[in-house]
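Below: one structure, written as structure tokens.
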Amino acid sequence: MRQTRYAGGGDGEIAYQVIGTGPADLLYIPGQLNHIESTWEEPIFARHLERLSSFSRLILFDKRGTGLSERLRRGEMPSLETRVDDACQVLDAAGIERASIFATADGVPTALLMAATFPDRVSSLIVYAASARWLAAEDYPEGIPGELIDGLESAFDEYWGNDEQPLSAELLAPSRLPDER
């Protein structure tokens, strides 16, 4: 049975779960859109997590400002150092000194900084769906144009958590449109 617990205190609590029995310890640092309890309701993602926990003690957590973890004030964004501290607090609360890290999307910079800052706590690093940077620049035309990001921020501000007009599945998960859920 999965149990959600909380690490930290003082300046914020971080929701986490530990699934599986090892022998390897695997800390999963997710991208921005994450909720450790509702991810189990998505069959494809649940199978992925079950597979990871079949050979490891899998440690999942919601980053500060996401899912069940401490809320952020509007416009506030934790530094990478704060994100690393939060990940270390989760490991401490789970009684784990050293773990492999599996990071996705915007969880990757946190994982890279954690590995560089605390090499004694990171035994290996796996990254998925990472990018060198998001925004386009003169020397990086492959990035996303700034005006598109502005539009996405406006859409998230208006529709995130809005049951009347939710964010569009066409925008967030076009391949999942046929799935009524």
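The values are calculated or read from the model by the stated rules, or taken from the named source; none is laboratory data. All values reported here derive from a predicted model rather than from experimental measurement. A quick note on method: Cβ atoms are made from the backbone with ideal geometry, for glycine too, and the neighbour counts reach across all protein chains shown. Areas reflect the complete protein model, heavy atoms only, side chains present, ligands, DNA and RNA absent. Shrake-Rupley method; radii C 1.70, N 1.55, O 1.52, S 1.80 Å.
Residues checked against (1) of a type in the set (S, T, N, Q); (2) within 27 Å of LEU72 (Cα to Cα); (3) over 17 Å from the mean Cα position of the chain (by Cα); (4) surrounded by 14 or more Cβ atoms within 10 Å (Cβ to Cβ):
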{"position": "ARG5", "(1), (2), (3), (4)": "no, yes, no, yes"}
{"position": "ASP11", "(1), (2), (3), (4)": "no, yes, yes, no"}
{"position": "GLN17", "(1), (2), (3), (4)": "yes, yes, no, yes"}
{"position": "GLY22", "(1), (2), (3), (4)": "no, no, yes, no"}
{"position": "TYR28", "(1), (2), (3), (4)": "no, yes, no, yes"}
{"position": "ILE36", "(1), (2), (3), (4)": "no, yes, no, yes"}
{"position": "THR39", "(1), (2), (3), (4)": "yes, yes, no, yes"}
{"position": "PHE45", "(1), (2), (3), (4)": "no, yes, no, no"}
{"position": "ARG51", "(1), (2), (3), (4)": "no, no, yes, no"}
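Assigned to a loop (DSSP other than H, G, I, E, B), open to solvent by less than 40 Å² (accessible area, probe 1.4 Å) and not hydroxyl-bearing (Ser, Thr, Tyr) - does that describe any residue in segment 99-111? No, the conditions are met nowhere in segment 99-111.
Taking segment 29-54 as the range and being among the acidic types (Asp, Glu) and assigned to a helix (DSSP H, G or I) as the test, the residues that pass are GLU41, GLU50. Summed over segment 113-132, residues that are surrounded by 11 or more Cβ atoms within 10 Å (Cβ to Cβ) and in a loop (DSSP other than H, G, I, E, B) total 5. LEU80 meets each of the listed conditions (1) open to solvent by 90 Å² or more (accessible area, probe 1.4 Å); (2) at pLDDT 90 or above; (3) within 20 Å of TYR128 (Cβ to Cβ) apart from (1).
Between a first residue in segment 133-146 that is open to solvent by less than 100 Å² (accessible area, probe 1.4 Å) and a second residue that is among the basic types (Lys, Arg), which pairs have beta carbons less than 7 Å apart while being 6 or more apart in sequence or on different chains? That search, which allows pairs on different chains as well, returns TYR140/ARG133; GLY143/ARG133. Of the set (1) in a helix (DSSP H, G or I); (2) touching a strand residue (DSSP E or B) at 6+ places or on another chain (Cβ under 7 Å); (3) open to solvent by less than 20 Å² (accessible area, probe 1.4 Å), all apply to SER69 but (1).
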